[in-house]
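J.: One structure is given below, represented as C-alpha cells, and several questions about it will come after.
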Amino acid sequence: MKKLLIVYYSWSNGNTERIAKMLQKETGGDLVKIDTVVPYKGSHNDVVRQGQEEVERGFEPEIKPLDVNITDYDVIAVGTPTWWYTMAPAVHTFLHEQDFSGKTVIPFMTNGGWPGHVIKDMKALCKGANAVCDMQIRFDSTGGSRLETPLEQIEKWIQNVKKQL
C-alpha cells in the first residue's frame with residue numbers, strides 16, 4: 001500500500017481544512033497544515049486586499065517547515081482555498097519548493113463559486129508528478145462554510161483517492 005500525505009492551507013473559515021480532515025479520516029493518510037512564517041493580520045477585507053496583491057505579483061510567502069519529509073510519501077494530496085482565481089500564495093510556495101518527480105499528486109481546492117484556474121496552476125507547479133483525482137469543492141458564495149458541492153460527490157472523490165493507494 002502506498003503512503004499518503006495530505007498537505008493543506010486554510011485561512012478564514014477552515015473550509016479547506018474541513019475537506020482535508022474528511023480525506024484523512026477516510027484514508028488514514030498523514031495530515032499536515034501549511035502555515036506562513038508571518039501570519040496574515042487585520043480584518044477579513046485587509047487580508048483579501050493583501051492576498052489579491054500577493055497573487056497579482058506572484059509573491060511566495062515564507063512558510064514554516066513541515067514536520068514530515070515529502071520523500072517518504074508516494075501520494076501527496078494538496079489542498080488550497082481559491083485566492084483570486086488561483087491557489088493561496090502559501091500553497092504556491094509549498095509546491096514551488098518541492099520535487100514531485102515520481103510522485104502522485106492529488107490537487108484539491110475549495111471555492112465560493114469562482115474556481116478560476118487553481119487546478120491548472122497547481123498541476124503546472126508539480127513538475128514530474130502524475131496529477132490525478134483533482135477536485136473542486138464549492139462552498140457558499142458569501143465566504144461562509146455552507147457546503148454546496150453534494151457530499152456524495154466528495155465521498156466518490158475520496159473513494160477514487162483511495163484507489164491510488
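J.: Whether any residue in segment 20-30 is touching a strand residue (DSSP E or B) at 6+ places or on another chain (Cβ under 7 Å) and assigned to a strand (DSSP E or B) is what I want to check.
T.: Within segment 20-30, one or more residues are touching a strand residue (DSSP E or B) at 6+ places or on another chain (Cβ under 7 Å) and assigned to a strand (DSSP E or B).
J.: Could you please give the count of residues in segment 23-34 that are over 16 Å from LEU165 (Cα atoms) and open to solvent by less than 60 Å² (accessible area, probe 1.4 Å)? Reasoning before the result, please.
T.: Taking segment 23-34 and keeping what is over 16 Å from LEU165 (Cα atoms), we get 32-34.
Now drop any that are not open to solvent by less than 60 Å² (accessible area, probe 1.4 Å), which leaves 32, 34.
Looking only at that region, the number is 2.
J.: Assess whether THR82 counts as being more than 25 Å from GLY28 (Cβ to Cβ), touching an Asp or Glu at 6+ places or on another chain (Cβ under 8 Å), touching a residue at least 12 places away in the same chain (Cβ under 8 Å) and outside any loop (DSSP other than H, G, I, E, B). Walk me through it before giving the result.
T.: Values: more than 25 Å from GLY28 (Cβ to Cβ): yes; touching an Asp or Glu at 6+ places or on another chain (Cβ under 8 Å): no; touching a residue at least 12 places away in the same chain (Cβ under 8 Å): yes; outside any loop (DSSP other than H, G, I, E, B): yes.
No: the conditions fail for THR82.
J.: Kindly check whether there is at least one residue in segment 152-161 that is part of a strand (DSSP E or B) and either modelled with pLDDT of 95 or more or open to solvent by less than 30 Å² (accessible area, probe 1.4 Å) (or both). Write out each step before concluding.
T.: Filtering segment 152-161 for residues part of a strand (DSSP E or B) gives none.
The answer is no, given that none of the residues of segment 152-161 is part of a strand (DSSP E or B) and either modelled with pLDDT of 95 or more or open to solvent by less than 30 Å² (accessible area, probe 1.4 Å) (or both).
J.: For the structure I just gave you, tell me whether GLU56 is part of a loop (DSSP other than H, G, I, E, B) and in contact (Cβ under 8 Å) with a residue 24 or more places away in the chain. Walk me through how you get there before you give the answer.
T.: Numbers: part of a loop (DSSP other than H, G, I, E, B): no; in contact (Cβ under 8 Å) with a residue 24 or more places away in the chain: yes.
Taking the combined requirement at face value, the residue does not satisfy it.
J.: Which of (1) open to solvent by 30 Å² or more (accessible area, probe 1.4 Å); (2) touching a strand residue (DSSP E or B) at 6+ places or on another chain (Cβ under 9 Å); (3) at pLDDT 95 or above does MET87 not meet, given it meets every other one?
T.: Among (1) open to solvent by 30 Å² or more (accessible area, probe 1.4 Å); (2) touching a strand residue (DSSP E or B) at 6+ places or on another chain (Cβ under 9 Å); (3) at pLDDT 95 or above, the lone unmet condition for MET87 is (1).
J.: Here is a follow-up. Name the residues in segment 107-117 that are in contact with an Asp or Glu (Cβ under 7 Å, 6 or more places away or on another chain), without any contact (Cβ under 8 Å) to a residue 60 or more places away in the chain and outside any loop (DSSP other than H, G, I, E, B), would you?
T.: Taking segment 107-117 first, the residues in contact with an Asp or Glu (Cβ under 7 Å, 6 or more places away or on another chain) are 107-108, 112.
From the residues that got through so far, the ones that are without any contact (Cβ under 8 Å) to a residue 60 or more places away in the chain too are 107, 112.
Correct list: PRO107 only.
J.: Being in a loop (DSSP other than H, G, I, E, B) and under 22 Å from LEU95 (Cβ atoms) is the filter; apply it to segment 118-151 and report the residue that is least open to solvent (accessible area, probe 1.4 Å).
T.: Within segment 118-151, the first condition is being in a loop (DSSP other than H, G, I, E, B), and the residues that meet it are 126-129, 132-134, 140-146, 148-150.
Next, from what is left, pick out any that are under 22 Å from LEU95 (Cβ atoms): 126-129, 132-134.
Details: CYS126: 8, LYS127: 144, GLY128: 56, ALA129: 29, VAL132: 28, CYS133: 31, ASP134: 65 Å².
The selected residue is CYS126.
J.: Sticking with this one: What single numbered condition from (1) modelled with pLDDT under 95; (2) assigned to a helix (DSSP H, G or I) fails to hold for THR93?
T.: (1)
J.: Right, another one. With the requirement that a residue be under 24 Å from LYS2 (Cβ atoms) and surrounded by fewer than 15 Cβ atoms within 10 Å (Cβ to Cβ), what does segment 97-117 give you?
T.: Looking only at segment 97-117, we keep the residues that are under 24 Å from LYS2 (Cβ atoms), and these are 97-109.
Answer for segment 97-117, where residues must be under 24 Å from LYS2 (Cβ atoms) and surrounded by fewer than 15 Cβ atoms within 10 Å (Cβ to Cβ): GLU97, ASP99, SER101, GLY102.
J.: For residues that are modelled with pLDDT under 90 and touching a helix residue (DSSP H, G or I) at 6+ places or on another chain (Cβ under 9 Å), scanning just segment 1-13, find the one that is most open to solvent (accessible area, probe 1.4 Å). Even if it seems obvious, please write down each step before you answer.
T.: Let us first name the residues in segment 1-13 that are modelled with pLDDT under 90, namely 1, 11-13.
With touching a helix residue (DSSP H, G or I) at 6+ places or on another chain (Cβ under 9 Å) added as a condition, the list becomes 11-12.
Numbers: TRP11: 86, SER12: 69 Å².
The residue in question is TRP11.
J.: Kindly establish whether PRO39 is at pLDDT 95 or above and assigned to a loop (DSSP other than H, G, I, E, B). First the steps, then the outcome.
T.: Numbers: at pLDDT 95 or above: no; assigned to a loop (DSSP other than H, G, I, E, B): yes.
Criteria not met by PRO39.
J.: Considering segment 23-49 alone, what residues qualify as being touching a helix residue (DSSP H, G or I) at 6+ places or on another chain (Cβ under 7 Å), touching a residue at least 40 places away in the same chain (Cβ under 8 Å) and either closer than 23 Å to GLY143 by Cα or of a type in the set (Asp, Glu) (or both)?
T.: LEU23, GLU26, ILE34, THR36
The values are calculated or read from the model by the stated rules, or taken from the named source; none is laboratory data. The structure presented is a predicted model; accordingly, all values stated were derived computationally and were not measured. Here Cβ is always computed from backbone atoms with ideal geometry, including for glycine, and neighbour counts include all displayed protein chains. Accessible surface areas use protein heavy atoms only, side chains included; no ligands, DNA or RNA. Shrake-Rupley method; radii C 1.70, N 1.55, O 1.52, S 1.80 Å.
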